[in-house]
Amino acid sequence: MDKIKLAILSSHRGSNAIALIKASLDRNYPAEVSLVVSDNSNAPVLKKARNLGIKAIFLDPGPKKTFMTPEVEANWTKILKEHRIDYILLAGFMRVIKKTLLDAFTGRIINIHPSLLPSFKGLNAQRQAWEYGVQYTGATVHFVDSSLDSGPIILQGIVEVRPNDTPETLTERILETEHRIYPQAVKLLAEKRITIQGRRVIIRKEAND
Ligand code: GRF
């Protein structure tokens with residue numbers, strides 16, 4: 001089986017990165033994590049990934065706080081291409097992806113967001129949902145496009161908000177759902193079971209040979 005190659009971009013803790021790496025260590029999983037990249041040299045995810053035998057590197061994110069300049073994105077692209085990466089998975093990556101990287105990996109950058117999109121985009125989505133008073137929230141795996149948390153949706157997982165929840169307990173349960181649906185979504189991509197029609201993602205039942 002030819003496995004597709006993944007790069008995970010993560011800025012801090014990396015629990016989703018680790019869930020993806022662990023899933024990919026199963027020899028029947030159709031994708032492998034070739035590289036973990038952080039824009040933060042102190043990110044715990046770097047050490048955690050290395051402990052699981054995965055190459056993990058810090059790449060300089062340049063002078064901007066919330067995004068990377070075209071020059072920086074061009075350098076990241078070069079390194080990702082050198083590793084023959086098929087899909088880029090954002091997992092707690094705290095920067096907006098801009099045109100240079102998006103154009104180099106069209107339709108091949110995926111993100112996970114801790115709400116049922118399109119509700120509660122942006123930061124602190126779990127707290128936003130809790131404060132709004134929704135009874136159900138969850139997590140969304142989606143393609144990345146040029147707008148914030150807005151690309152076609154691949155998978156969603158629902159989490160019930162309990163009366164005694166705090167934003168913290170809710171965040172914990174959403175995270176468990178994230179760890180379940182992100183590897184599932186990547187498996188669907190690797191098995192080429194996904195097509196995009198407009199905004200809608202169609203998932204075929206059986207893998208393509
Ligand atoms: C997750 O909640 C993810 O959905 C959001 O940032 C958080 C990252 O957590 N984009 P981790 O670094 O994967 O533990």
Could we say that P44 is open to solvent by 60 Å² or more (accessible area, probe 1.4 Å) and either free of Cβ contacts under 8 Å to residues at least 24 places away in the same chain or of a type in the set (D, E, K, R) (or both) here? no
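Do you know which of the residues in the range 67-96 that are among the β-branched types (V, I, T) and touching a strand residue (DSSP E or B) at 6+ places or on another chain (Cβ under 6 Å) is nearest to the ligand (Cβ to nearest atom)? Talk me through it step by step, then tell me what you get.
We begin by selecting, within the range 67-96, every residue among the β-branched types (V, I, T); these are 69, 72, 77, 79, 85, 88, 96.
Now restrict to residues that are touching a strand residue (DSSP E or B) at 6+ places or on another chain (Cβ under 6 Å): 85, 88, 96.
Values: I85: 19, I88: 14, V96: 12 Å.
Ranking the qualifying residues of the range 67-96, first place goes to V96.
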When the residues of the range 26-41 are filtered to those that are within 13 Å of the ligand (Cβ to nearest atom) and among the polar types (S, T, N, Q), which remaining residue is most open to solvent (accessible area, probe 1.4 Å)? N40
Restricting to the range 103-144, give me the number of residues that are more than 15 Å from F93 (Cα to Cα) and open to solvent by 20 Å² or more (accessible area, probe 1.4 Å). 19
I need every pair where a residue in the range 174-192 that is closer than 11 Å to A31 by Cα and away from the ligand (no atom under 12 Å from the Cβ) has its Cβ under 8 Å from the Cβ of a residue that is in a loop (DSSP other than H, G, I, E, B) and of a type in the set (S, T, N, Q), sequence separation at least 6 or different chains. E191/N208
Quick check: anything in the range 21-37 within 17 Å of the chain's Cα centre (by Cα), assigned to a helix (DSSP H, G or I) and among the basic types (K, R)? yes
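Given the condition away from the ligand (no atom under 16 Å from the Cβ) and either modelled with pLDDT of 95 or more or in contact with a Lys or Arg (Cβ under 8 Å, 6 or more places away or on another chain) (or both), answer yes or no: does some residue in the range 119-130 qualify? Lay out the reasoning, then the answer.
Quick first cut of the range 119-130, residues away from the ligand (no atom under 16 Å from the Cβ) only: none.
Within the range 119-130, none of the residues are away from the ligand (no atom under 16 Å from the Cβ) and either modelled with pLDDT of 95 or more or in contact with a Lys or Arg (Cβ under 8 Å, 6 or more places away or on another chain) (or both).
Out of all the residues in the range 14-25, is one or more more than 16 Å from the ligand (Cβ to nearest atom), open to solvent by 80 Å² or more (accessible area, probe 1.4 Å) and at pLDDT 95 or above?
At the first step, the residues of the range 14-25 found to be more than 16 Å from the ligand (Cβ to nearest atom) are 25.
Imposing the further condition that a residue be open to solvent by 80 Å² or more (accessible area, probe 1.4 Å) reduces the set to 25.
Add one more test, that the residue is at pLDDT 95 or above, and what stays is 25.
Yes, some residue in the range 14-25 is more than 16 Å from the ligand (Cβ to nearest atom), open to solvent by 80 Å² or more (accessible area, probe 1.4 Å) and at pLDDT 95 or above.
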Quick check on this structure: which one of A129, A139 is among the hydrophobic types (A, V, I, L, M, F, W, C), farther than 17 Å from I8 by Cβ and either touching a residue at least 12 places away in the same chain (Cβ under 8 Å) or part of a loop (DSSP other than H, G, I, E, B) (or both)? A129
Criterion first (under 30 Å from R193 (Cβ atoms), open to solvent by 10 Å² or more (accessible area, probe 1.4 Å), of a type in the set (V, I, T) and not in a loop (DSSP other than H, G, I, E, B)) does I8 satisfy it? no
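The values are calculated or read from the model by the stated rules, or taken from the named source; none is laboratory data. Quantities reported herein were computed from a predicted structural model and do not represent experimental measurements. Using ideal geometry, Cβ is built from the backbone for each residue, glycine included, and neighbour counts are taken over all protein chains shown. Surface areas here come from the heavy atoms of the whole protein model, side chains and all, with no ligands, DNA or RNA. Shrake-Rupley method; radii C 1.70, N 1.55, O 1.52, S 1.80 Å.
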